[in-house]
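Asks: Quick one: the structure is below, and I'll ask about it shortly.
No lab work stands behind these numbers, since they all come straight from the coordinates. All figures in this text were calculated on a predicted structure; none of them were measured in a lab. Please note: Cβ atoms are built from the backbone with ideal geometry, for glycine as well, and neighbour counts cover all protein chains shown.
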Amino acid sequence: MSESNTRIAIYPGTFDPITNGHLDIIMRAAPLFDRVIVTLALNSDKDPLFSVEERMEMMRRTVKDFPHVEAAKFSGLAVDFAHREKANVIIRGLRAVSDFEFEFQMALMNRKQRPEIDTVYLMPDERYTYLSSSIVKEVARHGGNAEAFVPPFVLDLMREKYGK
Ligand code: ADP
């Protein structure tokens, strides 16, 4: 396959921490592309619980069994990172109508920057439509049961962070 036919996608996010919802999206994206780069957006306004290295390590562990999925990080615009990686697609997850407005704005703004890059939205299994990294942290912080929502090693790391 020539390089121009290679389907490369980036999946950008904050991943603080990576959840089963993110994993669900990765599982759906993996067979659709030749290469998927799950990538940490470093310039987020959010104040993360986990350090960049901790989040990268969680991402690496989550993708390790997918042969053509890898973890990376970037600062600046996602479209510019995609361009550098020769990716033609940005993957995002759509959980509910509430995600739509922001995502719509982002997709059109990204298209203005680099028209050759499209955003592809994937919908997770309905079990994860209400799941976000924030709600998982909230549950874990109060000593609740977050077992069904994150990979087991992420659960352990959250317990360490919160001492619960
Ligand atoms: P961001 O700060 O970019 O929203 P997140 O790590 O929260 O970063 O999310 C990265 C991407 O994964 C976003 O497209 C988000 O909609 C999607 N996502 C997050 N949680 C879920 C979930 N439970 N199901 C499907 N997609 C999700």
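Asks: Treat the count of other C-beta atoms within 10 Å as a stand-in for reagent exposure and order Met59, Met158, Met109, Met27 from fewest to most.
Replies: Met109, Met27, Met158, Met59
Asks: Listing Lys86, Lys73 from the residue with the fewest other Cβ atoms within 10 Å to the one with the most, what is the order?
Replies: Sorted ascending by nearby Cβ count, the order is Lys86, Lys73.
Asks: Lysines near Lys46 by alpha-carbon distance under 22 Å, same-chain residues fewer than 8 away left out - which ones?
Replies: Straight-distance partners of Lys46: Lys73, Lys137, Lys161.
Asks: If you build the convex hull over the alpha carbons only and average its shadow over all orientations, what do you get for the chain? Give it in nm² to one decimal.
Replies: It is 9.5 nm².
Asks: Using the count of nearby Cβ atoms within 10 Å as a rough guide to exposure, how do Glu85, Glu138 rank from fewest to most?
Replies: Taking fewest neighbouring Cβ atoms as first place, the list is Glu138, Glu85.
Asks: Something else about it: Can you return the aspartates and glutamates within cross-link range of Lys86? Criterion is Cα-Cα under 13 Å, with same-chain partners fewer than 8 residues away left out.
Replies: Glu3, Asp34, Glu116, Asp118
Asks: Please give the charge dipole size of the chain, origin at the Cα centre, charges +1 on K and R Cβ atoms and -1 on D and E Cβ atoms. Round to the nearest 20 debye.
Replies: With Lys and Arg at +1 and Asp and Glu at -1, about 100 debye.
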